[in-house]
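**Student:** Take this structure, written in structure tokens, and hold onto it; I'll ask about it next.
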Amino acid sequence: MSAEKKESGPLTPATPKDASKSAATGDDPLDLELAANASRGDKGAFERLMWRWWDRIRGYCAAFVAFDPELAEEAAQESLIRIYKALPRWRKESPLGGYLYGICRTTSADVMRTHARHHARNVQVEEFESLSLESPHASGEANVLRQEANQLLAIAMQKLEPVDRSMLYLHEVEGKGLSELGAMYDLPLGTVKSRLFRARDKLGMLLREMGYELS
């Protein structure tokens, strides 16, 4: 399993001030500009910001609620509402990404508590492209086995704690570094490392019991 940080795409040109802040926080300068305008009541800026962030919000919420499609959709939609209300309180010197993911984390946890459901159905984990399984079966059955592998990976992911599951999502899918995760979850770097290690180790153990290896 590869856990290397993904290369980010090209950023919109920024002023030197924005570029300095972006480098320090890891945020896209355009996102910072949109968030600043949205925090002052610009609805158009908020819509553009959420359009740019929607896939990340939806993916994070889905990971937190164990890929339950109903809970994931509810958590994502509720997160949009809470983000809109919370943006005026965003401190511009703090990372925007951490602020948004923090709202999504709290919202997803609230949705799970409200529904009191811990076992998801119809799971989808295709977004976890950096997590791959190796099957001992013949290669001629590749398509069927890949579908089976995705289902088993989803089942195994459900057995992780919500925070560990969401942290693994941010690290593997969004390419968030250890220091970024530490800031988002208010955890020391060593704790972040150990939680990710334990989460992957548990995931690997569960999959080995099913006859698969995590690569």
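The values are calculated or read from the model by the stated rules, or taken from the named source; none is laboratory data. What you are looking at is a predicted structure, and each value in this text was computed from that prediction instead of being measured. Positions of Cβ are backbone-derived with ideal geometry, glycine not excepted, and every protein chain shown enters the neighbour counts.
**Student:** Would you check which residues across segment 151-174 are over 18 Å from THR106 (Cβ atoms) and surrounded by fewer than 16 Cβ atoms within 10 Å (Cβ to Cβ) and list them?
**Tutor:** Answer for segment 151-174, where residues must be over 18 Å from THR106 (Cβ atoms) and surrounded by fewer than 16 Cβ atoms within 10 Å (Cβ to Cβ): GLN151, LYS159.
**Student:** Just to check your reading of the model, which residue among LEU100, LEU152 is under 24 Å from LEU206 (Cβ atoms), part of a helix (DSSP H, G or I) and either of a type in the set (Asp, Glu) or at pLDDT 60 or above (or both)? Explain how you work it out, then say what you get.
**Tutor:** Working: LEU100 fails: under 24 Å from LEU206 (Cβ atoms).
That would be LEU152, the only listed residue that is under 24 Å from LEU206 (Cβ atoms), part of a helix (DSSP H, G or I) and either of a type in the set (Asp, Glu) or at pLDDT 60 or above (or both).
**Student:** Please state which one of ALA62, ALA86 is at pLDDT below 95 and among the aliphatic types (A, V, I, L, M). Working first, answer last.
**Tutor:** Working: ALA86 fails: at pLDDT below 95.
After applying the criteria, what remains is ALA62.
**Student:** Scan segment 74-89 and report the pairs whose first residue is closer than 15 Å to ARG105 by Cβ and whose second residue is small (Gly, Ala, Ser) and assigned to a helix (DSSP H, G or I), with Cβ atoms within less than 6 Å and a gap of 6+ or a chain change.
**Tutor:** Here the result reads ALA75/SER108, each pair linking segment 74-89 to a residue that is small (Gly, Ala, Ser) and assigned to a helix (DSSP H, G or I).
**Student:** I've got another one for you. Filter segment 77-96 down to the residues that are closer than 20 Å to TYR185 by Cβ and within 18 Å of the chain's Cα centre (by Cα), then identify the one that is surrounded by the fewest Cβ atoms within 10 Å (Cβ to Cβ).
**Tutor:** Residues of segment 77-96 that are closer than 20 Å to TYR185 by Cβ, as a first pass: 79, 82-83, 86, 89-91, 93-96.
Now narrow it down to the ones that are within 18 Å of the chain's Cα centre (by Cα): 79, 82-83, 95-96.
Numbers: SER79: 26, ARG82: 15, ILE83: 22, PRO95: 20, LEU96: 23.
So, considering only residues that are closer than 20 Å to TYR185 by Cβ and within 18 Å of the chain's Cα centre (by Cα), the one surrounded by the fewest Cβ atoms within 10 Å (Cβ to Cβ) is ARG82.
**Student:** Take PHE197 and tell me if it is within 18 Å of the chain's Cα centre (by Cα), at pLDDT below 75 and either assigned to a helix (DSSP H, G or I) or not acidic (Asp, Glu) (or both). Lay out the reasoning, then the answer.
**Tutor:** Values: within 18 Å of the chain's Cα centre (by Cα): yes; at pLDDT below 75: no; either assigned to a helix (DSSP H, G or I) or not acidic (Asp, Glu) (or both): yes.
Judged against the criteria, PHE197 is not a match.
**Student:** Within the bounds of segment 36-50, is there any residue that is modelled with pLDDT under 95 and among the aromatic types (Phe, Trp, Tyr)?
**Tutor:** No, the conditions are met nowhere in segment 36-50.
**Student:** Anything in segment 154-191 that is in contact with a Phe, Trp or Tyr (Cβ under 7 Å, 6 or more places away or on another chain) and more than 18 Å from MET112 (Cβ to Cβ)? List them, or say none.
**Tutor:** GLU172, VAL173, MET184 - these are the residues of segment 154-191 that are in contact with a Phe, Trp or Tyr (Cβ under 7 Å, 6 or more places away or on another chain) and more than 18 Å from MET112 (Cβ to Cβ).
**Student:** If we keep just the residues of segment 103-116 that are part of a helix (DSSP H, G or I) and among the small types (Gly, Ala, Ser), which is surrounded by the most Cβ atoms within 10 Å (Cβ to Cβ)?
**Tutor:** Looking only at segment 103-116, we keep the residues that are part of a helix (DSSP H, G or I), and these are 103-115.
Subset that is among the small types (Gly, Ala, Ser): 108-109.
Working: SER108: 25, ALA109: 16.
Out of the qualifying residues, it is SER108.
**Student:** Which of the numbered conditions does GLU180 fail, given that it passes all the others? Conditions: (1) over 27 Å from LEU100 (Cα atoms); (2) in contact (Cβ under 8 Å) with a residue 12 or more places away in the chain; (3) acidic (Asp, Glu).
**Tutor:** (1)
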